[in-house]
Every structure is written in structure tokens, then in C-alpha cells.
Amino acid sequence: MNDYATGFERTHKPQICQYLSFLLGGEEYAIEILRVREIRCWEGAAPLPNAPTFVKGMINLRGAIVPIIDLRARFNLPHETYGQRNVVIVVQVEATDKVRTMGVVVDAVSEVHDIPVEGLCPKPDLGRAMDSDFIKGIATVESKMVIVLDIDRLLDPQALEQTTQECA
Amino acid sequence: MRVRMVPISAVFSRFPRLVRDVRSALGKQVELSVIGEGTEVDKTVSEQLADPLTHLVRNALDHGLEGPEDREAAGKEACGRLSLSARHEGGNLVIEIEDDGRGIDAEKVLKKARERELIGPAEVPPPERIYDLLFLPGFSTAEKVSALSGRGVGLDVVAKNLRCLGGDIQTFSERGKGTRFSIRLPLTLSILDAQLVRLVEHVFVIPVLAIVESVLVRPGDVGRLSEGEEVYKLRDRYIAVIRASELLGVERQPELPEPRLMVVVENQGQQVGLLVDDLLDQQQIVIKSLETNYRLVPGLSGATILGDGKVAYILDVAGLIHLAGSSTDTRNNHSGRKQWSSMTP
């Protein structure tokens, strides 16, 4: 987003990224807003056979078949039935081979935060076995903790594949 | 919508002319027959098919078919036959180019491959792999370079072009009898005649082309060989029964009645029965790839969007048979069963 800034601004303003934050299981998570394509109501998805638990299924997004990822299952949070109050954030996931469109179900969309690059604290490393590479860092916004996610790592089909194998 | 299907005749239509030109240039007699011109193919695929197919046809005319004298000496009709065919098979487009010429000399292919150091001197590939050597870069068995072919840039380019389209090519040949190139391409975007079926409350799609018949199964008609292996007596023979909903991990409430309808499907000569809960409409659907935004899913060849906007998955008969085979194996090993029931409700 700083692409439009002049050279002067680029050198003198701190690098700020905008993030869309959403709520899930009482925590606030944030993803880069430029990756967000749209926000929709949760209207159910066609369950995909033999899929890992965190793949809720596929939806018809104006003619495109888009997979919906259940972040509760991805984060190993307790399962909850989704209803009309839930929303789907449709995001663009960039992998090495191509760009995919995927959706994530969350409890609610919260707000848009401006987070400077230096405002991102690295997540404490506890040497946990579970992959939490998808956490880019933790930011503090108005004294609240916001977990900033790396959407490419979170929804990388290869990483998803590995998680499936671990579950199986 | 990106519905851009064209009949393959758009590609095939150039070959009668090509064959006629080549026939007069080489002094050979050739009769060309074209089968399945109406088979629909994605426009982009059809555009990219023209070059590889032309190449294979030229090859068949130049190297495959003999001149009239040679043919008569071999006890064949003076007029050679070349056939081009296209059809849909199990979610794939299959194009075959067949001639009744002299066939490919497997010995010569091996010798040449060793000369060119494409394989080791002592290496003997299995018979069905020998012809694959033809598609390696820098391979040409033609002793002479002719106006048509034999310049060394050849079949490897054909194979590369086909791989770009996600397809592959197989070669079948018999000395003195002829050669058949079989090209298999995935139907990335195309239209399919579909039979909609219901598994519990979900709608799935079976390609009509794969269906042989549908039968009503009476309780007791299905015999159990072992855990997870069931057979049905279809007239004078036994076919394997696949419980589609179980195999795909669709949750079935125990109070639901057993599925009573069996769709007999065929894949490469093998028939199996898929137990389904209901047969719904037959309609044409547009195939959408699951790989675009996700990845390949075993047992499914894609998805489609039904008239009501809902997503339905297209069953891949070959994949299901494979899946059924491997799930029987894992069951026999008393492990991995969970794998097949991990399904989101």
C-alpha cells in the first residue's frame, strides 16, 4: 500500500500494513487486508469426501469452486456448529505454484487495524511440536492482543496435507 | 461462464487434406477413417492438440504405413488404413491414432536407445516401456530424413506438448500388424452427461458414459466374501460391490435404510456396482476442477454447480475402484480405518 507513497514519504513514514481482524473462540486474529477478496455470510458448504476435518467443504463462489477451511479445527480449538452469525472471509492464498482462492469460517469480522512492521512482536518459541509457523507475530492494538497470521502458510495446501497425515 | 467447448472435428478436419497431400507425395495408398468427431473438447486444448496430432499422423503415414508393393508382399491390402478416433472415457478425453502398417521394431528401438545412451547397455526395460523410449529427446529411428519426418525433433516434442495439457501418451504396436498411439487428456473444462445420484442427503455425479446399467438390489443379493469385500450376482457373473457412501465417508445414520439401488459402472473393462440411495436427474454439467483452489481428491474427478447453485462432486470411477481396493487392504491390516471416516459433517 506504500506503493503510492512518494519517495519522501516512503523513507520518512514507518512501514504500516493494514490488517483485517476477526474473532474466533474469543481471540482476535488478523490477516493482511490486501489478501481479502470478500466477506460473506456462512451459508454452509458441500462436505468434501475423505477430507481432513478442517476442510468444511466447497462452496459455489459465483461459479468457482472454493474450499472453506475451518480455522477452529486448524487451530485445534473445540468444535462448534456454525450458524448464520458466522462469516466466511474469502482470501487469496499465494503458493509457490499458483494463487488459490480459499475461504475461512470465523466467528465475526472485527475491524481494520494499521499495524506498523516494528509493532509486530515475534511469537514466543516454546519448541512446540504443533506447527504454528503460520503465526507471523503478535501485535498490541489499543492494549488488546492481536494474533497476526501468515495466510500463505496457514492455508498452504502442502502444509494442510502434512497436518492431515499427522491427524490420521 | 467459461464454457468454450468445441467438437474435436475442428482439429480432425485438417487431416483428410494432409493425408491426401502426403499420399500423392509418397505414392502410398491410404484410407483415413475418423471416429467420434463430435466429441467435445476445451477450445484451448483443441488448439494445442493440432500440432502433436499432425506430427503423429505424419509419422504414421511416413514410417508406419508401407507402400502398396510392400503391403501386398506382406499379404495385406494395398490400401493402408489410418484411423483417428476421439471419445470420453472416465473423465478423460482419449484420442487414438491407429495404422495397420509395419509396426514398430522394438529391437531397433532398444538398439538405438543404447547407441544414443538413453539407456544403459545392459538395461532391458519391460516390454510395455520400450515404446516410451521413442518419446525421449533426440530419438529418431528413421534411417533417412524425408520431407515429412525423421529430423530428430520429434516425438519428444509431442510428449512435451501433451504433458503441458496434463495428458500422456501410450504406444501399442505389433510387428507387421500396426501401431496405435493412445492419448489421454484430462477434461479440465468440459461438459459431461451426468447422472445425479444421492448418497444419504448429498448429491453426487456419475458420468453417464461410465454407467452400464442400474439395478434394484434385493436384500440378500449381496454376498460377503470378507470384511469390506462384497459381491453381487449380475446375471451370469459376480461383480464387486462398492458402498459409495462408506467409501467416501459420508455419514449414515444407522436408522436409515440400506441403499437399494446399484449403479453398475465400468472402467477399462472392469465392472463394479456402486450402491446409492437414489437415482436423480440426468443432465449436462460443466466440470470444474478441484485443483484450481484446492488439490486432487482421491475418488473424485471434479465438482460441478447444480441448477440450484449447490456444489456436487463428480465421482471418478477409476479412482473409486482404486480407493476401494486400497481401503480393503488397510482394513485387512487392521489399521488406517479411521482414515476413511474422517469426514466433516
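To the nearest 20 debye, what is the magnitude of the charge dipole of segment A:18-65 about its Cα centre, counting +1 on the Cβ of each Lys and Arg and -1 on the Cβ of each Asp and Glu?
Numbers: 5 positive and 5 negative charges, 50 e Å.
Dipole size: approximately 240 debye.
What is the distance, in nm, between label points placed 7 Å from the Cα along the Cα-to-Cβ direction at residue B:122 and at residue A:108?
Distance between the two pseudo-spin positions: 7.4 nm.
Going 7 Å from the Cα of residue B:33 along its beta-carbon direction, which residues of segment B:79-103 have the amide nitrogen within less than 15 Å of the resulting point?
Residues passing the 15 Å test: B:79-86, B:96-101.
With the crude spin-label approximation of a point 7 Å out along Cα→Cβ, what separation in nm comes out for residue B:164 versus residue B:278?
4.7 nm
Quick check for me: using +1 on Lys/Arg Cβ and -1 on Asp/Glu Cβ, what's the dipole size of chain B about its Cα centre, in debye to the nearest 20?
Working: 43 positive and 49 negative charges, 125 e Å.
Rounded to the nearest 20 debye, it is 600 debye.
Evaluate the charge dipole of segment B:59-135 about its Cα centre and quote only its size in Debye, nearest 20, assuming +1 on the Cβ of each Lys and Arg and -1 on the Cβ of each Asp and Glu. Walk me through the numbers on the way to the answer.
Working: 11 positive and 18 negative charges, 43 e Å.
My answer is approximately 200 debye.
Please identify, among B:58, B:237, B:17, the residue showing maximal mean-square fluctuation in a Gaussian network model of chain B using a 10 angstrom Cα cutoff.
Taking springs between Cα atoms under 10 Å, the residue moving most is B:237.
List the aspartates and glutamates whose Cα sits under 15 Å from the Cα of residue A:144, skipping any in the same chain fewer than 8 residues away.
By straight Cα distance, residue A:144 reaches A:27, A:28, A:111, A:114.
Looking at segment A:48-122, which GluC sites (Glu not before Pro) are DSSP coil and have at most 16 other C-beta atoms within 10 Å of their C-beta?
Values: sites: A:80, A:94, A:111, A:118; in loops: A:80.
Those that pass, being in a loop and sparsely packed, are A:80.
What number, rounded to the nearest 500 deg cm²/dmol, is the helix-based mean residue ellipticity at 222 nm of chain B, given -39500 (n - 2.57) per DSSP H run of at least four residues and division by all its residues? All intermediate terms of the calculation are to be shown ahead of the outcome.
Values: 9 runs with 83 residues, N = 345.
Theoretical 222 nm ellipticity from helices: -7000 deg cm²/dmol.
Under 16 Å between alpha carbons, and skipping anything fewer than 8 positions from residue B:43 in its own chain: which aspartates and glutamates qualify?
Cα-Cα hits under 16 Å: B:51.
Remind me, relative contact order of chain B in percent, using alpha carbon pairs under 8 angstrom and six or more residues apart? Could the numbers behind the result be given before it?
Details: 647 pairs, mean separation 48.4, N = 345.
Relative contact order here is 14 percent.
How would A:17, A:41, B:79 line up from fewest to most surrounding beta-carbon atoms within 10 angstrom? Spell out each step's value before the answer.
Values: A:17 20, A:41 9, B:79 14.
Going from sparsest to densest Cβ surroundings: A:41, B:79, A:17.
Taking a 20 Å limit on the Cα-Cα distance, which of the listed pairs A:98/B:288; A:56/A:123; B:28/B:112 fall beyond it? It would help to have the intermediate numbers written out before the result.
Details: A:98/B:288 17 Å; A:56/A:123 28 Å; B:28/B:112 27 Å.
Result: A:56/A:123; B:28/B:112 exceed 20 Å.
Among B:11, B:79, B:34, whose Cα sits farthest toward the positive end of the charge dipole of segment B:1-103 (+1 at Cβ of Lys/Arg, -1 at Cβ of Asp/Glu, about the Cα centre)?
B:11
Apply 1/(1 + (r/R0)^6) to the Cβ-Cβ distance of residue A:97 and residue B:236, taking R0 = 45 Å, and write down the FRET efficiency to the nearest 0.05.
Values: r = 50 Å, r/R0 = 1.10.
Result of the calculation: an efficiency of 0.35.
Only the coordinates and a few stated rules stand behind these numbers; no lab work does. In this text, all values refer to a predicted model and were calculated from it rather than measured experimentally. With ideal geometry, Cβ positions are generated from the backbone for all residues, glycine too; neighbour counts draw on all protein chains shown.
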